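Enquirer: Let me begin by handing over the structure; questions about it come next.
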Amino acid sequence: MILILKKDASEEAKNRIRAELFHKGCVVREMNGTGQSVIAAIGRGDLDPKHLAAMEGVAEVIPITTKFKLAGRQWHPQDSHVQVGPITIGGQRIALLAGPCAVESFEQALTTAREVRRYGAVLFRGGAFKPRTSPYSFQGLEEEGLKILARVREETGMPVVTEITSVSQADLMLKYVDMVQVGARNMQNFELLKCVGRMGKPVLLKRGLASTIEEWLMSAEYILAEGNDKVVLCERGIRTFEPYTRNTLDLSAIPVLKNLTHLPVVVDPSHATGIREKVGPMARAAIAAGADGLMVEVHHDPEKALSDGPQSLYPEQFGQLARDIYVIAPVVGKQLDFDYLEKSGRSPHPSSGADQVMAAYLGEPGNFSHIACSQYLGDNVKMAPQSTFRAIFETVESSAARYGVIPLENSLTGSIHENYDLLLEFDLNIVGELFLRIIHHLMAAPQTRLEEVRRVWATEAAIQQCRQFLDRYPHWEVAPVPATASAVRHLRDQGRRGDAAIGSREAALLHGMSIVAEGIETNPRNFTRFVIVGRIPLADRPKTKSSVVFSTVNEPGALFEVMKIFAADNINLVKLESRPIHGKPWQYMFYADLQADVNLPEFAKTLAGLSKKTDFFKILGSY
Ligand code: PEP
Ligand code: MN
């Protein structure tokens, strides 16, 4: 049963409800995410809905009609996120899990770990107890392998995941690793499932070699029923009649699962294909299909691997794959964050109780600036909405927030000039950038049909970007709201039947609205580039881009002279923008983005040359 509690239910009433369910022998789970308290109670037969409905504090009792009582979305409509150390699996940041099939030595594990970390992996994998088809094959280093994994975590800061093949390994796993994997061959080892449920560590549950999605989710249910809600599903290919690949990767499982369950889904393209060259294409497809992450086998010397060498990527191949995923992710509303681990190390973790505001952004929750913020910094950091761009700069300058998230340019509508001026005025650094795909949806109160819509609230920008769609409905009244306000919140608070708003999927979810028409922006290649401004960089890694601003003397060829320096030093210019200088009519500041870290010593000569050929020169940041 799902018990929806009254908003004003007292703690005593809630305790009485819990006690009653406990007394009946139910499995009980609670959720407070949506501003409403919801209790899922799974009994073994004699739950009387009428009796429960009559209890004080209960607003409604709904039977759970799906088999996946805890894994299903019926009681838990929002996606769940699984925390593994500093890493979140699920949500808008893609998690790359990578490492060798088996831990073979400390050297091998550490070398591979350093490589995959450098290329963007956030979790290190490696088997210590290997379930091999033949008893004569390498079986893993067992406890020694777990100790190596723990040392690798100490050295690299990456949490580690490894397979548990028997209940008897539980204590060792608790001691050494951050996440346990239940392998394909053990997906229906119910004693093992109950055991990892009781262990409470995050679990990576692989799909069985020949298991249906239903059987798989029922296995997840075993873990959840023991009280462990940290379950991540891993599709790794199933047995079919096709021998060209080791297994057949069931990509359709991703959207099927996304519909059935709130649990995060990752894909293992390595065991799915068994062939190195096939790993990249299937990994890219998995992300495009909506996977929350990938688990990829990588070995620093795959020719010498003791298991699964032929499917293990060389580190550079993994690096290339990560770059591809970085490009694909924004198309499906996600990010691959190369600095994920560094950022997680620096940002105050929610459990640390730190209340420092991490980021200031324009507007309010659910808008695109807010989405950019959580894609860049994770959604468990404190964020402070501001009502003007200037206020963001001021908030960061006064140290009231560490970072500011600023839209600089849209791929259709061009630059946001005000922010260029503010970058010049304030003494802050650009420390990062992020590309966000802008997808607009038409939304209204649940059950509203498109034909019923009469009035639409939206920001001017959204109206412009959805012009073609809106033109199809000339009888609609289109009502603009200020850029910083949420049209969707306005709809929730003031809407009547027939009212709708344009907004993001996140805003619909946040304000309890339903999407009536999906993806209504005229041009789907609609991206906004955000930059992150702050005082301290978020991650110590090589920078690939610099933003600079300069003005030149007013004489023939002055800009050309500056460009000549970039050309001579082989610095690729990826953007050039000019802005009028306030108070000096017809004189301009030039903003340039360069593909180089101009702070490196090798560019000292370049900078010296630039200062000679410019009136004013400032580095806005390297990132
Ligand atoms: C593994 O990930 O090392 C493994 C053995 O995978 P699976 O259980 O999917 O075969
Ligand atoms: Mn393997």
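The values are calculated or read from the model by the stated rules, or taken from the named source; none is laboratory data. As the structure is a computational prediction, the values presented were derived from the model and not from experiment. Quick reminder, even Gly has a Cβ in these numbers, built from the backbone with ideal geometry, and neighbours come from all protein chains shown. Keep in mind that these areas ignore ligands, DNA and RNA; they rest on the heavy atoms of the full protein, side chains included. Shrake-Rupley method; radii C 1.70, N 1.55, O 1.52, S 1.80 Å.
Enquirer: Tell me, please, whether a residue that is more than 16 Å from ligand 2 (Cβ to nearest atom) and either assigned by TED's automatic domain parsing to the domain that holds Gly197 or in contact with a Ser or Thr (Cβ under 9 Å, 6 or more places away or on another chain) (or both) can be found in the range 95-104.
Expert: yes
Enquirer: When you scan the range 212-330 for helices (runs of 4 or more DSSP H) that lie fully inside it, which ones turn up with 1 or more residues that are in contact with a Lys or Arg (Cβ under 6 Å, 6 or more places away or on another chain) and at pLDDT 95 or above?
Expert: 213-225, 269-273, 315-328
Enquirer: Please state which one of Ala567, Ala517 is at pLDDT 95 or above, of a type in the set (A, V, I, L, M, F, W, C) and open to solvent by 60 Å² or more (accessible area, probe 1.4 Å).
Expert: Result: Ala567 is the single residue among Ala567, Ala517 that is at pLDDT 95 or above, of a type in the set (A, V, I, L, M, F, W, C) and open to solvent by 60 Å² or more (accessible area, probe 1.4 Å).
Enquirer: Any idea which of Gly227, Gly208 is open to solvent by less than 10 Å² (accessible area, probe 1.4 Å) and over 23 Å from the mean Cα position of the chain (by Cα)?
Expert: Every option except Gly208 fails the conditions.
Enquirer: Next question. Kindly indicate which of Ala150, Ala113 is touching a residue at least 40 places away in the same chain (Cβ under 8 Å), under 30 Å from the mean Cα position of the chain (by Cα) and over 18 Å from Gly208 (Cα atoms).
Expert: Ala113
Enquirer: Inside the range 300-310, can you point out the residues that are away from ligand 2 (no atom under 15 Å from the Cβ) and surrounded by 20 or more Cβ atoms within 10 Å (Cβ to Cβ)?
Expert: Across the range 300-310, the qualifying residue is only His300.
Enquirer: Answer with yes or no whether Ser37 is within 30 Å of Leu174 (Cβ to Cβ) and either open to solvent by less than 70 Å² (accessible area, probe 1.4 Å) or touching a Cys at 6+ places or on another chain (Cβ under 8 Å) (or both).
Expert: When the stated conditions are applied, Ser37 does not pass them.
Enquirer: Please work out if Leu249 is touching a helix residue (DSSP H, G or I) at 6+ places or on another chain (Cβ under 7 Å) and away from ligand 2 (no atom under 15 Å from the Cβ).
Expert: Answer is no for this residue.
Enquirer: Tell me the residue from Thr448, Thr388, Thr413, Thr395 that is without any contact (Cβ under 8 Å) to a residue 40 or more places away in the chain and hydroxyl-bearing (Ser, Thr, Tyr), please.
Expert: Answer to the check: Thr395.
Enquirer: Identify, from the list Arg236, Arg246, the residue that is touching a strand residue (DSSP E or B) at 6+ places or on another chain (Cβ under 7 Å) and within 16 Å of ligand 1 (Cβ to nearest atom).
Expert: Unique residue meeting the criteria: Arg236.
Enquirer: Considering the range 146-166 alone, what residues qualify as being within 12 Å of Pro100 (Cα to Cα), of a type outside the set (Ser, Thr, Tyr) and within 14 Å of ligand 2 (Cβ to nearest atom)?
Expert: Residue satisfying the conditions is Val161 alone.
Enquirer: A further question follows. Restricting to the range 280-299, give me the number of residues that are among the acidic types (Asp, Glu) and within 16 Å of ligand 2 (Cβ to nearest atom).
Expert: 1
Enquirer: From the residues in the range 211-224 that are touching a residue at least 12 places away in the same chain (Cβ under 8 Å) and open to solvent by 50 Å² or more (accessible area, probe 1.4 Å), which one is nearest to ligand 1 (Cβ to nearest atom)?
Expert: Checking each candidate, the answer is Glu215.
Enquirer: Go over the candidates Val182, Val203, Val232 one by one and state the one that is open to solvent by less than 40 Å² (accessible area, probe 1.4 Å), within 16 Å of ligand 2 (Cβ to nearest atom), closer than 26 Å to Trp75 by Cα and of a type in the set (A, V, I, L, M, F, W, C).
Expert: Val182
Enquirer: Please go through the range 184-195 and pick out each residue that is touching a helix residue (DSSP H, G or I) at 6+ places or on another chain (Cβ under 6 Å) and either near ligand 1 (Cβ under 10 Å from one of its atoms) or of a type in the set (Val, Ile, Thr) (or both).
Expert: Asn186, Met187
Enquirer: Further question on the same structure: Is there any pair with a first residue in the range 508-534 that is closer than 16 Å to Val327 by Cβ and a second that is open to solvent by 60 Å² or more (accessible area, probe 1.4 Å) and in a strand (DSSP E or B) whose Cβ atoms are under 7 Å apart and which are 6 or more apart or on different chains, and what are they?
Expert: Phe527/Phe435; Arg529/Phe435
Enquirer: Please state which of the following conditions Asn554 fails to meet, knowing it meets all the rest: (1) within 35 Å of the chain's Cα centre (by Cα); (2) among the polar types (S, T, N, Q); (3) farther than 23 Å from Val327 by Cβ.
Expert: (1)
Enquirer: I'm trying to understand the selection: among the residues of the range 366-423, which are modelled with pLDDT under 95 and among the basic types (Lys, Arg)?
Expert: Residues satisfying the conditions are Lys382, Arg402.
Enquirer: Taking into account only those residues within the range 235-262 that are of a type in the set (D, E, K, R) and open to solvent by 10 Å² or more (accessible area, probe 1.4 Å), which is nearest to Gly90 (Cα to Cα)?
Expert: Lys258
Enquirer: May I ask you to say which residue of Ala568, Ala608, Ala596 is out of contact with any helix residue (DSSP H, G or I) (no Cβ under 9 Å at 6 or more places or on another chain) and of a type in the set (Gly, Ala, Ser)?
Expert: Every option except Ala608 fails the conditions.
Enquirer: A follow-up question, please. Taking the condition of being open to solvent by less than 50 Å² (accessible area, probe 1.4 Å) and within 22 Å of Glu364 (Cα to Cα), how many residues in the range 446-477 meet it?
Expert: So the answer is 8.
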